[in-house]
Amino acid sequence: MNTKALALLAAATLLFAGCATEPGPFAPQDTTKYTLENTEKFVLLDKPTQVSITCTGLQERMLSDGRLEVVANVKNRENRRLQVQINCVFKDDQGFTSGDETPWTTLILSENATEAVKFTAMNAQAKKYTVRVRQAR
């Protein structure tokens, strides 16, 4: 009787051991931690701005010469004056930047104030953009 039970236990162990094999190769997992600037139109680059700044609206239009113009409404969510830096990276229709990036501009926001900041692309290839905000340096 012990021999049969031992043989049954060994067979069950071998059966379940076959189920524990690793599956084939895994597909890569994408994370938004490093792709935000590729997928979003407004990005807050550091923790202090994520707490204090928000975008209440983005307006975009094509100028008569084919260049893209973007207006970002940037709001201070704090009850204190803030100083941040803002810029815009213009991209072609596939999302690649062609070096068309505005310089970082200092923006001073009063308590709970909203400011409209305008950016204009240098050439007509710009179809997409990312407005970036960071703490003033």
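The values are calculated or read from the model by the stated rules, or taken from the named source; none is laboratory data. Since the structure is predicted, the reported quantities are computational estimates derived from the model, not experimental observations. Every residue, glycine among them, receives a Cβ derived from its backbone with ideal geometry; neighbour counts consider all protein chains shown.
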### Task
Restricting attention to the range 55-74, report how many residues are over 14 Å from VAL117 (Cα atoms) and among the hydroxyl-bearing types (Ser, Thr, Tyr).
1
### Message
Looking at the range 122-137 only, could you name the residues that are polar (S, T, N, Q) and outside any strand (DSSP E or B)?
### Response
ASN123, GLN125
#### Entry: One residue from THR97, THR106, THR120, THR102 being more than 17 Å from LYS41 (Cβ to Cβ) and within 22 Å of the chain's Cα centre (by Cα)
THR106
#### Entry: Of residues in the range 94-110 being without any contact (Cβ under 8 Å) to a residue 24 or more places away in the chain and in a strand (DSSP E or B), the one surrounded by the most Cβ atoms within 10 Å (Cβ to Cβ)
GLU101
### Query
Before we move on, is VAL43 in contact with a strand residue (DSSP E or B) (Cβ under 6 Å, 6 or more places away or on another chain) and at pLDDT 95 or above?
no
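For the range 36-93: of the residues being among the basic types (Lys, Arg) and under 14 Å from the mean Cα position of the chain (by Cα), which is surrounded by the most Cβ atoms within 10 Å (Cβ to Cβ)? Give the derivation first.
Keep residues of the range 36-93 that are among the basic types (Lys, Arg), which gives 41, 47, 61, 67, 75, 77, 80-81, 91.
In the following step, the residues that additionally are under 14 Å from the mean Cα position of the chain (by Cα) were identified as 41, 47.
Details: LYS41: 15, LYS47: 9.
Checking each candidate, the answer is LYS41.
Condition check ((1) touching a strand residue (DSSP E or B) at 6+ places or on another chain (Cβ under 9 Å); (2) in a loop (DSSP other than H, G, I, E, B); (3) in contact (Cβ under 8 Å) with a residue 40 or more places away in the chain) across all residues:
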{"residue": "LEU58", "(1), (2), (3)": "yes, no, yes"}
{"residue": "VAL70", "(1), (2), (3)": "yes, no, yes"}
{"residue": "VAL74", "(1), (2), (3)": "yes, no, yes"}
{"residue": "ARG80", "(1), (2), (3)": "no, yes, no"}
{"residue": "VAL89", "(1), (2), (3)": "yes, no, yes"}
{"residue": "ASN112", "(1), (2), (3)": "yes, yes, no"}
{"residue": "GLU115", "(1), (2), (3)": "yes, no, yes"}
### Cβ-Cβ under 7 Å pairs, at least 6 apart or on other chains, the range 33-47 side within 19 Å of LEU58 (Cβ to Cβ), far side of a type in the set (Ser, Thr, Tyr) and at pLDDT below 65
THR39/THR32
